[in-house]
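Below is one structure, written out as structure tokens, with a few remarks after it.
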Amino acid sequence: MDTILFLSHTEQDGKLPRAGLEALGAAKELAQALKATLVAGVFGKVTQPAAAQLAGTGAARALAVTGADFADARYATDAAAAEALSRAAAPTIVIAPGTSRLSRVLPAVAHRLGGRVDTHATAVAAKDGAPTLTRWFYRQRMEATLKRTERPWVVLIDGGCHAAVVPDGGAPALEEVPVAIGDAQRRTRVTGFKAPRSDAQTIRPDAKILFVAGAGWTKKQADGKPHVEEAEKLILGFLGATKASLGSSKSLVDLSGEGNAVLTFMSHLNQIGQTGATPRHPKGLATCCHGEEPHVVGWRFINERRAVNLDPNCGWARGKADVVYVADAFEVVAKVNALLK
Amino acid sequence: MSGYQIVVCGSIVPDPLQTLEPVTGPSGPVLKNELMLPAVLDPWAGHALYEAANLAAKTPGSKVWLVSLGPKAKVQQVMMAVGQKVPFELVALDGPAGGFVDAHETAAALADAVKAIPGIDRTKLLVFGGWESASRGAGATLQILGERLEIHDQFQGVDQIAPQADGSLEILERVEGGQHQISVVAGPPALLGWATGNLPEPRNNPQVGMANMRGIMPALQKSKPAKVGTGDLQYLAVTLPKAQRETRVVKNMPTDEIAREIVEWISKD
């Protein structure tokens, strides 16, 4: 019989991250489908608050690695904690959220355990009594369903792919798993975070709409001159009114690296597509962006798509968007902003 | 600091502008006409290579190796272009570079190749690569490689590395919500999976190209076959998304009306 370990770090408040609750939901369902034993394992500086979130999942055991050494996302200590929890649970399958913290360490932990790992899973299921997973290849250009025979099989599930579990009932007691940390595992120190000012943060993973600005915003307009300042005002105005998340094509963010006049709030972090992010939002509006395939692969998980472009034959018009408005984005966004005020 | 030994692991991927279609091969899924598709250096690995070269140029006594696992003929084509960009010594492994191979097997082959580089000194070693490939996108190969090399200071989604006066390295990694986590590692050995970094693609430099070519061709000639495959992976299905939309192209609509339609659409739950 399979034993499924749900494995996650906690946040600074000791609770599971949202992606952790989603992965927990997937682990619970898979355990039910396989008639497997579910074990939960959490690690962090504080773990007790996470126990309440495990309530009602049917976990046979709830394990924890707790302490100041596990406060920060540091490879050596996170790997030690994840390895200890895995060895204590002796799972055949490990289900974990694909957060940056766990994506950094779990492939290595799978190697330490003599197992195998698969990342960016969008679904896990049981087929003929065996677990299977679904993930994308070639940057969201094709989707595969696969299974493995080696165990333990460590699976990282992308955020937004499964409903979060809703705690129900009493919190299980956490069994503490001891982990000794030495100086060799403290060679790395996490010293802080670098983030844009809160009023300049343009990446909003939970936004209902993604607004993509393409390179056209910085190109010469009808009067023969670029209007970058006006473009900045219009885009920020739209983001302010709609609380949208800002994405970009590679060509636009590359302009900043090459020293051209650019949108000052745009960086590689905003990049969507082949070499950028693949965010999940219910809606997406592309402006001044041609909709070429390397960019559009980053839109795989955007449900409703609209575009504003002067070219009626742009990529968006060829089956990649639901609606393409053949119009000047400067004029359209100015009017949209006025209506949203 | 007497210089870094920077080993960049990077392979080739189909040019992103190509149409990709999965077909079933003798040992699992492959791309249709895979060997005919034009290839490029994996984009994130490319950023890793350019950042490595930049760090080496700023740190006297440093050297960059590029360890590349792929079909020899295709790697040779790509190296004709990449070799013009920055100085490096190629270590070539002849094997599959497709997206359906197992990250564990790739990591094992890369680890053997890194260990076999003459004169590698762990006290100077920095292993670079793209944090994911544009083929499998596993985001796992480097971590397993690091474990096999016993490197336990690893960073993923790196956008910046800055050597400090005391020999430590400050590293910025991408984390959730458009933020960077700032870490300081005491020094090499360390492993960094790069996101885009901050450097533009270097211009072609004929002198660099000529110097690189003296090493690239012999490296390709002596490249060893790498036993890399799908391992225990069993693919039950590989399909293209059926996501062709029926696009409504709206021409000659007054701007006011377009704006009203967009606002209505945005406001609808």
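Listing for the model above:
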| quantity | calculated |
| --- | --- |
| Residue selected from the range B:167-190 under the condition on the phi > 0 side of the Ramachandran plot and out of contact with any helix residue (DSSP H, G or I) (no Cβ under 6 Å at 6 or more places or on another chain), by the criterion farthest from the other protein chains (Cβ to nearest Cβ) | B:Gly167 |
| Enumeration of residues in the range B:254-269 that are more than 7 Å from every other protein chain (Cβ to nearest Cβ) and under 16 Å from A:Ala307 (Cβ atoms) | B:Glu261 |
| Counted residues, the range B:225-242 - those being assigned to a loop (DSSP other than H, G, I, E, B) and either over 30 Å from A:Ala321 (Cα atoms) or facing chain A (nearest Cβ under 7 Å) (or both) | 10 |
| Condition check for A:Ala200: more than 14 Å from chain B (Cβ to nearest Cβ) and out of contact with any His (no Cβ under 9 Å at 6 or more places or on another chain) | no |
| Boolean, A:Ile203 is assigned by TED's automatic domain parsing to the domain that holds A:Cys289, at negative phi and in contact (Cβ under 8 Å) with a residue 24 or more places away in the chain | yes |
| Failed item in (1) surrounded by fewer than 22 Cβ atoms within 10 Å (Cβ to Cβ); (2) under 24 Å from B:Leu145 (Cβ atoms); (3) of a type outside the set (A, V, I, L, M), with B:Tyr4 passing the rest | (1) |
| Per-region count, the range A:163-199, residues surrounded by 12 or more Cβ atoms within 10 Å (Cβ to Cβ) and at pLDDT below 90 | 2 |
| Any chance A:Gly25 is assigned to a loop (DSSP other than H, G, I, E, B) and either within 14 Å of chain B (Cβ to nearest Cβ) or of a type outside the set (Val, Ile, Thr) (or both) | no |
| Count of residues meeting criterion [β-branched (Val, Ile, Thr) and under 22 Å from the mean Cα position of the chain (by Cα)] in the range A:1-48 | 2 |
| Residue in the range A:20-34 that is closer than 13 Å to A:Val94 by Cα, assigned by TED's automatic domain parsing to the domain that holds A:Thr92 and of a type in the set (S, T, N, Q) present | no |
| Residues being more than 30 Å from A:Ala244 (Cβ to Cβ) and within 19 Å of the chain's Cα centre (by Cα) - total across the range B:171-192 | 4 |
| Residue within the range A:229-245 that is closer than 27 Å to B:Gln181 by Cβ, touching a strand residue (DSSP E or B) at 6+ places or on another chain (Cβ under 9 Å), of a type outside the set (A, V, I, L, M, F, W, C) and part of a strand (DSSP E or B) present | yes |
| Long-range neighbours under 8 Å by Cβ, at least six apart or interchain, first residue within 7 Å of chain A (Cβ to nearest Cβ) and in contact (Cβ under 8 Å) with a residue 24 or more places away in the chain within the range B:134-151, second assigned to a loop (DSSP other than H, G, I, E, B) and β-branched (Val, Ile, Thr) | B:Ala134/A:Thr275; B:Arg136/B:Val101 |
| Residues (within 18 Å of the chain's Cα centre (by Cα) and assigned to a strand (DSSP E or B)) located in the range B:139-170 | B:Gln154, B:Phe155, B:Gln156, B:Gly157, B:Val158, B:Asp159, B:Gln160, B:Ile161 |
| Some residue of the range B:158-166 being crowded, with 23+ Cβ neighbours inside 10 Å and facing chain A (nearest Cβ under 7 Å) | no |
| Top-ranked residue of the range B:243-269 - restricted to ones that are among the polar types (S, T, N, Q) and closer than 17 Å to A:Ala321 by Cβ, ranked as surrounded by the fewest Cβ atoms within 10 Å (Cβ to Cβ) | B:Gln244 |
| Complete set of residues in the range A:288-341 that are in contact with a strand residue (DSSP E or B) (Cβ under 7 Å, 6 or more places away or on another chain), within 30 Å of B:Val40 (Cα to Cα) and among the small types (Gly, Ala, Ser) | A:Gly291, A:Gly298, A:Ala307, A:Ala317, A:Ala321 |
| Residues located in the range A:109-145, provided they are more than 20 Å from the chain's Cα centre (by Cα) and closer than 18 Å to B:Ala107 by Cβ | A:Val109, A:Ala110, A:His111, A:Arg112, A:Leu113, A:Gly114, A:Gly115, A:Arg116 |
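One line per residue, one yes/no per condition, for (1) in a strand (DSSP E or B); (2) surrounded by 23 or more Cβ atoms within 10 Å (Cβ to Cβ); (3) on the phi > 0 side of the Ramachandran plot; (4) at the interface with another protein chain (Cβ under 7 Å from one of its Cβ atoms):
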| position | (1), (2), (3), (4) |
| --- | --- |
| A:Val94 | yes, yes, no, no |
| A:His111 | no, yes, no, yes |
| A:His120 | yes, yes, yes, yes |
| A:Leu146 | yes, no, no, yes |
| A:Glu150 | no, no, no, yes |
| A:Val154 | yes, yes, no, no |
| A:Cys161 | no, no, no, no |
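The values are calculated or read from the model by the stated rules, or taken from the named source; none is laboratory data. The model shown is predicted, which means the values in this text are computed figures rather than measured ones. No Cβ is skipped: glycine too gets one built from the backbone with ideal geometry, and neighbour counts run over all protein chains shown.
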